[in-house]
Amino acid sequence: MHIYIPAPLRVYTGQQEAVTVAAVTVEAALQALCAQYPEMKKHLFTADNKLRSFVNLYLNDDDIRYLEGLQTPVKDGDSLTIIPSIAGGAASLEAAAVADSGETLPELSNAEIARYSRHLILPEMGMEGQRKLKAAKVLCIGTGGLGSPLALYLTAAGVGTIGLVDFDVVDESNLQRQIIHATPDVGKKKIDSAAEKLTALNPFTKLVKHETMLTSENALGILADYDIVVDGTDNFPTRYLVNDACVLSGNKPNVYGSIFRFDGQASIFATKEGPCYRCLYPEPPPPGLVPSCAEGGVLGILPGLVGVIQATETIKLILGAPEPLIGRLLLVDAWRMKFRELKLRKNPDCPVCGTHPTVTKLIDYEQFCGLGGQEKVANTIDQMPVEELKRRLDAGDDMVVLDVREPNEYMIANLSEAKPDLKFIPLGDLGKRIGELEEFKGREIVVHCKMGGRSQRAAEQLQAAGFTHVHNLAGGITAWSERVDPKIPKY
Ligand SMILES: [Zn+2]
């Protein structure tokens, strides 16, 4: 049988996407996988050999939790898919009901009729559907990669009210995918840049700007004015916050999308009849395990593809179309251009939408996602500022510099000019190549990556292996480029 390895974990299988094993149960298949690739074990299982809660396993297209769990029998030709949480965005009966209140739907002006003529001649849309769009209020969280195509298409389609939530500023590195922003917008607030484009596209859409970070304090208040929420966020705390806020707001549909490298996911969560994000992932992965798009990269077109799927589902919810993406997780592999669909079920034990919920109000999501524990990290590994490394290298101090990024990142930029004999071992290879560093065990080692996240994990791994003088380069090569040597390109 084949086990499909998700992109974030391929670093532990030598970039292999599928591994063939012989086994009679799911558990035996995973053991065979871990025997071939020992680094996988700690990502799939806890120290006492329980399957980690953020790892979902699908045998063919069924969740093993609803089969026989790890004891589910497998046979030749089966495929087991590991579905990780990725960071990187109803016939809702209710949304349809909002729009179904026939008589109270707003009228269309002649200018609107001219603009939407290709919609109006679709029998599934017609005048009534277009008026439902005009009556609809959709909240778009984020105006980045997913938010760009989403907001553009929803505005073009004639959604009457669109709320935008963003507090970020346009950066040059956004333009490869965040197509609502343009080169002259660099440095501008994203929310202003987005609103300008949307107003130019369709002056009939009312835009509401929420220039803030979505928080546990403001989320329910902001959501209150909208029928549907579209999640275009790229981090776990906001993703759980959006999900919980949608459930707690009386099941507002949460149109979800997320992206990483070439892989995307989309679904509709938090409707009354369907599962929520926590039914699928009750808990987030520990920080650092799943790399962000800033660390792992993303094909610029992918958020376009996934964002347009989210926009399509939003329009369908407003129209009350049959077969919305509720209870189904759509997986997009843009590199192979393959789409798969997995069944999702509402989990009766779900902490937020189950029969006995334990989450009944919004919580501290930074803490929930394990991002509050920075002090502990700082205590165990010394965080070296880039200026200090520069000064000490200039002084000729005896130190080893270890770069743990990927080879393609090394090709873009590296510190070999400042430290010609630097060591280069990608994080995923560190376990099996740690012997190459044996001779440096008692010496000072400064580990670096792009921003400091992967190198922190590498430094912890070295420390656990008995290296005594390990430093993490705070801010990574990005900080070096910003504060020490601007000739080093920032990527
Ligand atoms: Zn749930």
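Between a residue in segment 264-286 that is farther than 19 Å from residue 306 by Cα and β-branched (Val, Ile, Thr) and any residue that is in a loop (DSSP other than H, G, I, E, B) and more than 12 Å from the ligand (Cβ to nearest atom), which pairs come within a Cβ distance under 6 Å, given they are 6 or more apart or on different chains?
271/90; 271/92; 271/253
Please go through segment 106-163 and pick out each residue that is on the phi > 0 side of the Ramachandran plot and at pLDDT 95 or above.
Passing the criteria: 142, 158.
Go through (1) closer than 20 Å to residue 428 by Cβ; (2) at pLDDT 85 or above and name the single condition residue 12 misses.
The single condition residue 12 does not satisfy is (2).
Taking the criterion of being within 16 Å of the ligand (Cβ to nearest atom) and crowded, with 16+ Cβ neighbours inside 10 Å, would at least one residue in segment 386-394 satisfy it?
No, the conditions are met nowhere in segment 386-394.
Has segment 220-235 got at least one residue that is touching a Phe, Trp or Tyr at 6+ places or on another chain (Cβ under 6 Å), assigned to a loop (DSSP other than H, G, I, E, B) and not polar (S, T, N, Q)?
Checked against the condition, which is being touching a Phe, Trp or Tyr at 6+ places or on another chain (Cβ under 6 Å), assigned to a loop (DSSP other than H, G, I, E, B) and not polar (S, T, N, Q), segment 220-235 yields no hits at all.
Of the residues 383, 461, 456, only one is assigned to a strand (DSSP E or B), over 30 Å from residue 250 (Cα atoms) and not hydrophobic (A, V, I, L, M, F, W, C); which?
None of the other options fit; the residue is 383.
Name the one entry in 294, 270 that is on the phi > 0 side of the Ramachandran plot and of a type in the set (A, V, I, L, M).
On inspection, the qualifying residue turns out to be 270.
For segment 440-458, give me each residue that is at pLDDT 90 or above and over 25 Å from the mean Cα position of the chain (by Cα).
Correct list: 440, 443, 444, 445, 446, 447.
In the set 197, 272, 209, which member is part of a strand (DSSP E or B) and among the charged types (D, E, K, R)?
209
Taking the condition of being more than 25 Å from residue 52 (Cα to Cα) and either under 16 Å from the mean Cα position of the chain (by Cα) or hydrophobic (A, V, I, L, M, F, W, C) (or both), how many residues in segment 255-282 meet it?
Total satisfying the criteria: 1.
Taking residue 206 as meeting all but one of (1) over 22 Å from the mean Cα position of the chain (by Cα); (2) within 16 Å of the ligand (Cβ to nearest atom); (3) not hydroxyl-bearing (Ser, Thr, Tyr), write down the number of the exception.
Among (1) over 22 Å from the mean Cα position of the chain (by Cα); (2) within 16 Å of the ligand (Cβ to nearest atom); (3) not hydroxyl-bearing (Ser, Thr, Tyr), residue 206 violates only (2).
Checking residue 307 against (1) more than 27 Å from residue 64 (Cα to Cα); (2) modelled with pLDDT under 95, only one condition comes out false. Which one?
(2)
For segment 454-466, which positions are of a type in the set (Gly, Ala, Ser) and in contact with a helix residue (DSSP H, G or I) (Cβ under 6 Å, 6 or more places away or on another chain)?
Matches in segment 454-466: 458, 465.
Residues that are over 19 Å from the mean Cα position of the chain (by Cα) and within 16 Å of the ligand (Cβ to nearest atom): does segment 226-248 have at least one?
Looking for residues that are over 19 Å from the mean Cα position of the chain (by Cα) and within 16 Å of the ligand (Cβ to nearest atom), one finds at least one in segment 226-248, hence yes.
When residues of segment 1-45 are filtered for being more than 26 Å from residue 457 (Cα to Cα) and surrounded by fewer than 15 Cβ atoms within 10 Å (Cβ to Cβ), how many remain?
Looking only at that region, the number is 3.
Taking residue 49 and the conditions (1) at pLDDT below 85; (2) buried (at least 19 other Cβ atoms within 10 Å of the Cβ), which numbered condition does it fall short on, given that it satisfies the others?
All conditions are met except number (2).
For segment 178-194, enumerate the residues that are surrounded by fewer than 15 Cβ atoms within 10 Å (Cβ to Cβ), of a type in the set (A, V, I, L, M) and not in a loop (DSSP other than H, G, I, E, B).
Across segment 178-194, there are no qualifying residues.
The values are calculated or read from the model by the stated rules, or taken from the named source; none is laboratory data. Just so we're clear, the structure is a prediction, and the values are computed from it rather than from any experiment. Cβ: placed from backbone, ideal geometry, glycine included. Neighbour counts: every protein chain shown.
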